[in-house]
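A short write-up of the structure that comes next.
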Amino acid sequence: IVLGNAHMGDVLTFVDQIIEGPPVVPSFWYSDPSLNSDGAQHIYSTSFAGSGLIPAGAYIGFEDLPSDSADLDYNDVQFVFTNVSSSVPEASTWALMLLGFLGLGFAGRRGSQKSSPLAA
């Protein structure tokens with residue numbers, strides 16, 4: 001499943017839609033507590049080192065109960081993002097590489113210049 005593209009530093013907000021019924025009454029819980037009607041955290045994320053058949057990645061756990069009766073164990077729905085690496089260097093990495101190459105070029109130029117003997 002491809003959920004879309006994200007870049008280093010992006011803030012992702014997860015939404016958990018609960019459909020209760022009958023009658024069907026949908027409720028929504030967000031990873032940003034300020035968006036929740038009860039102000040509580042209903043979606044938890046952290047890095048995951050990997051275990052057994054589950055590879056390392058980012059763990060996401062959902063809690064769908066209101067905070068006044070929730071067990072807050074975040075195991076109602078769980079998954080792990082496994083492709084969370086960046087293959088494109090950040091701008092700061094490019095800047096450091098450029099400075100390094102300039103420094104090497106400057107050092108090479110100074111080393112190749114020979115001092116001329118003084119004439120008497």
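The values are calculated or read from the model by the stated rules, or taken from the named source; none is laboratory data. This one's a predicted model, so the numbers in the text were calculated from it and none came from an experiment. Every residue, glycine as well, gets a Cβ built from its backbone with ideal geometry; the counts of neighbours run over all protein chains shown.
Remarks
- Condition check for residue 68: closer than 15 Å to residue 27 by Cβ, among the acidic types (Asp, Glu) and at pLDDT below 80: yes
- Within segment 72-120, if we keep just the residues that are of a type in the set (A, V, I, L, M) and closer than 30 Å to residue 51 by Cβ, the residue that is modelled with the lowest pLDDT turns out to be 84.
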